[in-house]
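Read through the structure below, which is laid out as structure tokens, and then see the notes.
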Amino acid sequence: MAEHRSMQRGALLDAARSLLSEGGTEALTFPALAERTGLARSSVYEYFRSRAAVVEELCEVDFPVWAAEVSAAMENAESAEGKVEAYVRRQLALVGDRRHRAVVAISASELDAGAREKIRAAHGGLIAMIVEALEELGHEQPRMAAMLLQGIVDAAVRRIELGVAEQPESITEAAVAMALRGVRG
């Protein structure tokens, strides 16, 4: 029975990811979750008491996975500059990933405190890593630089998601070049 419940829960989270990546947080409704999973709407409530609870669990599950991928890419880099490049490249490489799109949709929405806290914690880990790399590069205000660097990444993510302008590769190269030129100061 427990195994069945965890499968259902997994199916619901997966349906939530799809809905979020297709239509943002407005698309994430209990009727839509029920329809996607073939469960009765009342069953959805057995697993999650609210939309916020679904979002919070997704944050708990997906954000750390996503952050761990970026962090692993950074750890493989030889130099501080390589870490900065890996930080930008890996985040942009994850754009097409449904999990990432769901995370982005969640980040853009009005979140309850619990979900916000989980996102902040996962993001905080990434920011801490990049701050360290920026300190190694001799940056005078590594924390501020880290926030601005993330701004470049976020803008590139939005640009890639528009899917109309340039190829994702050229957006990635431009973002990497700006990031590296910027952090060299």
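Just so it is clear, none of the values below were taken in a lab; they were calculated from the coordinates. Since the structure is predicted, the reported quantities are computational estimates derived from the model, not experimental observations. FYI the Cβ positions are ideal-geometry reconstructions off the backbone, even for glycines, and counts take in every protein chain you see.
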Practice problem: Would you work out the charge dipole size for the chain about its Cα centre, treating the Cβ of every Lys and Arg as +1 and the Cβ of every Asp and Glu as -1, and quote it to the nearest 20 debye? | Solution: 440
Exercise. Could you list the GluC sites (Glu not before Pro) in the stretch 138-170 that lie in coil according to DSSP, counting only those with at most 15 other Cβ atoms within 10 Å of their Cβ?
Key: Glu140, Glu166
Quiz item: How much net charge surrounds Glu85 when only other residues with a Cβ under 14 Å from its Cβ are counted (Lys, Arg +1; Asp, Glu -1)?
Solution: 0
Self-check item: Globularity index of the chain, i.e. its alpha-carbon radius of gyration over 2.2 N^0.38 Å
Solution: 1.14
Exercise. Averaged over every viewing direction, what's the projected area of the C-alpha convex hull for the stretch 1-79? Give it in nm², one decimal, please.
Key: 6.5
